[in-house]
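Following: one structure in structure tokens, then a few remarks.
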Amino acid sequence: MINRDPKWLTGLRILGLGVWMIITLFPLYWILLTSLKPANQIAEYPVRYWPREFSLENYASLFNKSQFGSYLLNSIVVSAAAGVVGTAIALLSAYVLSRFTFRGKGAVMLAFLVTQMIPAFIALGPLYQMFTNLGLVDSRFGLVLIYIAMTIPFSSIMLRGFFDNVPDSLEEAAMVDGCSRFGALWRVIVPVMTPGIIATFIFNFVNCWNELFLAVTLINTDSHKTIPTALNGFISSFNIEWGPMSAAAVLTILPTMVLFAFASRWIVAGLTQGATKG
């Protein structure tokens with residue numbers, strides 16, 4: 001017999017979800033609204049939740065008075081490169097951690113976990129000195145390198161869970177048929193793990209896309225800056241440019257929203273695959 005919840009309880013749940021949705025979506029709505037308001041309406045009182053007129057002047061100002069197109073391209077290149085390379089390296093390390101037993105394996109996993117608990121600014125001094133000596137300060141290549149190093153520990157832990165759910169018999173059968181171990185990994189295991197790999201790449205891409213602290217510290221030239229550093233530049237000691245900053249925020253959010261929208265089924269499948277043990 002199916003137990004049905006009372007109607008009042010169902011209504012209460014719908015009400016709670018509705019309130020939660022409003023609280024979640026309202027900041028996004030307000031940012032979008034502010035980006036479409038003329039400058040003289042942004043700070044007006046009483047507050048209007050629907051502007052008298054819409055304007056694209058903040059978006060025009062964003063591209064005409066700053067190098068926002070360059071910032072956007074830098075973020076895409078840096079985040080995509082770090083996401084792809086970091087995921088590829090983590091795929092190999094996760095495979096070793098899942099399929100092999102060796103001395104120090106537990107210590108490696110512990111080290112990966114510990115790195116996620118240490119704030120980045122603790123290592124900033126030595127890191128900045130090392131990058132200065134290597135000539136990688138104010139370099140997009142240097143930023144990609146540090147982002148790759150930043151993504152590998154979490155990605156390795158995440159992908160190991162996916163590998164643990166793939167039976168050893170699949171690659172053993174491929175190796176019996178003549179594949180090398182790497183061939184079995186590439187031709188048999190990777191296609192099976194596609195949802196998990198895509199989910200890992202998207203998490204890496206989004207983390208690199210949103211990262212501010214290292215980018216602000218290591219990048220000085222405007223032509224090399226990423227979007228988070230550009231957003232930070234709209235805040236000064238005496239003024240905040242709400243209109244252009246809101247327009248920049250909207251354009252910053254859109255790529256990740258589109259990415260999640262197109263890859264949502266792989267993300268859900270990947271997270272489900274990694275959360276269960278077959």
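The values are calculated or read from the model by the stated rules, or taken from the named source; none is laboratory data. For clarity, every value in this text was computed on a predicted model and none was experimentally measured. Virtual Cβ from ideal backbone geometry, glycine too; neighbours counted across all protein chains shown. For the accessible areas, the whole protein counts, side chains as well, though only heavy atoms, and no ligand, DNA or RNA atoms are used. Shrake-Rupley method; radii C 1.70, N 1.55, O 1.52, S 1.80 Å.
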Give me the count of lysine pairs in the chain whose alpha carbons sit under 29 angstrom apart, restricted to pairs 8 or more positions apart or on different chains. 4
Skip the ligands, DNA and RNA, and give the accessible area per residue of region 156-196 with a 1.4 Å probe, whole Å². 51 Å²
Where a ≥ b ≥ c are the square roots of the eigenvalues of the C-alpha gyration tensor, would you call region 66-126 rounded, which needs a/c under 1.5, or, failing that, prolate if a/b is larger than b/c, or oblate? oblate
To the nearest 10 degrees, how steep is helix 194-210 against the longest Cα principal axis of the chain, on a 0 to 90 scale? 40 degrees
To the nearest 10 degrees, how steep is helix 7-35 against the longest Cα principal axis of the chain, on a 0 to 90 scale? 60 degrees
For labels at PHE213 and ILE122 in the simple 7 Å Cα→Cβ model, what's the distance in nm? 1.0 nm
Counting only heavy atoms of the protein chains, get the accessible area per residue of region 42-150 (1.4 Å probe) and round it to a whole Å² value. 61 Å²
Please give the charge dipole size of the chain, origin at the Cα centre, charges +1 on K and R Cβ atoms and -1 on D and E Cβ atoms. Round to the nearest 20 debye. 500 debye
Below 8 Å, C-alpha to C-alpha, sequence gap of six or more: please give me the relative contact order for region 15-140 in percent. 15 percent
Gyration tensor over alpha-carbon atoms, the chain, equivalent ellipsoid semi-axes in Å: 40, 30, 17
With a 10 Å radius around each residue's Cβ, average the other Cβ atoms per peptide and rank 15-26, 156-167, highest first. 156-167, 15-26
Per the 1.4 Å probe, what fraction of the accessible area of the chain, in percent, lies on carbon and sulfur atoms? 69 percent
Rel. contact order, % - alpha carbon contacts under 8 angstrom, at least six apart, the chain: 31 percent
